[in-house]
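Everything on this sheet refers to the single structure shown next.
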Amino acid sequence: MQLTPNLHAFLWTSPNANNCNTYLIKTEQKRILIDPGHAAHFDHVQRGLSDLNLSMDSIDLIVCTHAHPDHMEAVQLFADTTALFTLHADDWQMVLDMAPHLKQIMGTELDHLTPDFFVNQGQLKVGDIDLEIHSTPGHSPGGISLYYAQDKALLTGDLIFKGGLGRTDLPGGKSELLKDSIQRMALLDSAWLLSGHGDVVSGQAAVQSNFEQVERMWFGYL
Amino acid sequence: MGDIKSTLDLVMEKTKHLSLSAEEKVGQQRDVYEKRLKGLLQKYADDLQTFEEFQKQLKAIQESLGVKDLQLLIHQILKCVDPDRNNTPWLDLLETYAPSLTTPIQKILMSYLQRRETLLQEGSQKFLQRLQNDHQIQGSAVMPNLNQDRRIQQKLKLMQNEVRDKLDSLADSSKNYG
């Protein structure tokens, strides 16, 4: 689904299996894929890329908003491509801490998941794509949100959804941090709220209203 | 965790007085002492014991086994020294049991940390430059993952081995203790 000339969403809509929404920022010079999702379900992204006359080899950089498997597992499918991979170092540490269990339960080896570099709060420039990286822990210790100022698009991972917010009961999750992160992201001038799951929220008024509603309805339960 | 004895260890311990020569008995006592020393140092490393408790237990072990090999103790402590970690607990022990070694060890560790810092800084700069030149990726958000840089990791490994060799030399030179 094309959101803007440079921004595409591959939304996961199946009620039968868990997976995340994947996003693509595509410009003249570069292609960044955000949250490729589960490996077993990556074909829906491949179809989306194909519709844009792209393939996995077209991707320059993969950014994961956090290191949960439903967002990150498909990174390993890019092992034989030239795509680089990045996420926040704190979430990579979380993966390292869980590595023996990942191998035992999921058969996952870390070699093809290891990030080429890390991102922290600050500016990330990839060719002609300028992104703001915001550190937004709470759902995971190293969760990040990406702000694409050109389209006023905020990609939040599992920090906040349309009408909801991320869970904090997984390893490294912290309610107070989640609330703080959501309140900081609410201050950005966003016309698109692109979450890890569920619907896209479009329009500045709708995005702002969503932030207010989530805070009003859910913060008291954290 | 304290030393866990195998069945063979227990049998050997119970029957050791039956057929061993005096020399063998001494050697065996040293082996037992070494094992119990390792267990004691592990407890200390795991913060399960204070410094005073360590001293007390060490004395008790030495008295019960009739072994007071200070060089063995120093060897074992030096084996615990890791240039990439906090070594204050080990330096505290050495200050008590081999005070003349603490300054040379601190110099070795300081030199390693300075060299490591320089290596990592230079490595980071080169990494960021490569990222910019080869992939047009840059910005204040970018942090190198130097664990992926084989050259850096190899150099670090060499430096760590050098530290280990220097510490082993110091340990060998401590035979004048005890």
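Read the figures in this text as sums done on the coordinates, not as results from a lab. Because the structure is predicted, anything quoted here is derived from the model rather than measured. In this analysis, Cβ positions are derived from the backbone assuming ideal geometry, glycine residues included, and neighbour counts consider all displayed protein chains.
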Are any of the residues in the stretch B:138-149 on the phi > 0 side of the Ramachandran plot, surrounded by 16 or more Cβ atoms within 10 Å (Cβ to Cβ) and within 10 Å of chain A (Cβ to nearest Cβ)? yes
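Collect the residues in the stretch B:84-107 that are surrounded by 16 or more Cβ atoms within 10 Å (Cβ to Cβ) and assigned to a helix (DSSP H, G or I), keeping them in residue-number order.
Initially, the stretch B:84-107 is screened for residues surrounded by 16 or more Cβ atoms within 10 Å (Cβ to Cβ), giving B:87, B:89-91, B:93-94, B:97-98, B:101-102, B:105.
Result: B:PRO89, B:TRP90, B:LEU91, B:LEU93, B:LEU94, B:TYR97, B:LEU101, B:THR102, B:ILE105.
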Checking the structure you have, find out if any residue of the stretch B:99-114 is within 14 Å of another protein chain (Cβ to nearest Cβ), out of contact with any Gly (no Cβ under 7 Å at 6 or more places or on another chain) and farther than 23 Å from A:GLN121 by Cα. no
Which condition number in (1) closer than 17 Å to A:VAL126 by Cα; (2) outside any loop (DSSP other than H, G, I, E, B); (3) within 14 Å of the chain's Cα centre (by Cα) is the one that A:ASP57 fails? (3)
Six or more apart or on different chains, Cβ under 7 Å: which pairs go from a residue in the stretch B:26-46 that's within 15 Å of B:ILE74 (Cα to Cα) to one that's among the aromatic types (Phe, Trp, Tyr) and exposed (fewer than 15 other Cβ atoms within 10 Å of the Cβ)? Could you list them? none
Going by the conditions given, is A:VAL214 assigned to a helix (DSSP H, G or I) and within 20 Å of A:PHE10 (Cα to Cα)? no
Hey, among B:GLN160, B:GLN129, B:GLN121, which residue is part of a helix (DSSP H, G or I), within 30 Å of A:TYR147 (Cα to Cα) and more than 13 Å from chain A (Cβ to nearest Cβ)? B:GLN121
Residue under question is A:LEU110, and the condition is that it be among the hydrophobic types (A, V, I, L, M, F, W, C) and surrounded by fewer than 16 Cβ atoms within 10 Å (Cβ to Cβ); does it hold? yes
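Regarding B:ASP47, is this residue in a loop (DSSP other than H, G, I, E, B), over 18 Å from B:ASP168 (Cα atoms) and not polar (S, T, N, Q)? Step through it out loud before you land on a result.
On the way: in a loop (DSSP other than H, G, I, E, B): yes; over 18 Å from B:ASP168 (Cα atoms): yes; not polar (S, T, N, Q): yes.
In short, yes.
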Tell me, which residue of the stretch B:108-125 that is without any contact (Cβ under 8 Å) to a residue 24 or more places away in the chain and of a type in the set (D, E, K, R) is surrounded by the fewest Cβ atoms within 10 Å (Cβ to Cβ)? B:GLU117
Given (1) over 24 Å from A:LEU7 (Cβ atoms); (2) touching a helix residue (DSSP H, G or I) at 6+ places or on another chain (Cβ under 6 Å); (3) within 14 Å of chain B (Cβ to nearest Cβ); (4) surrounded by 18 or more Cβ atoms within 10 Å (Cβ to Cβ), number of the condition A:GLY138 does not satisfy: (3)
For the list (1) surrounded by 14 or more Cβ atoms within 10 Å (Cβ to Cβ); (2) within 14 Å of another protein chain (Cβ to nearest Cβ), I need the number of the one condition that B:VAL81 fails. (2)
A:HIS41 passes all but one of (1) more than 14 Å from chain B (Cβ to nearest Cβ); (2) under 24 Å from A:THR114 (Cβ atoms); (3) in contact with a Gly (Cβ under 8 Å, 6 or more places away or on another chain); which number fails? (3)
Exception for A:GLN150 within (1) farther than 18 Å from A:LEU7 by Cβ; (2) touching a residue at least 40 places away in the same chain (Cβ under 8 Å) falls at (1)
With the condition kept exactly as written, say whether any residue in the stretch A:66-89 is touching a Cys at 6+ places or on another chain (Cβ under 7 Å), within 13 Å of chain B (Cβ to nearest Cβ) and not in a loop (DSSP other than H, G, I, E, B). yes
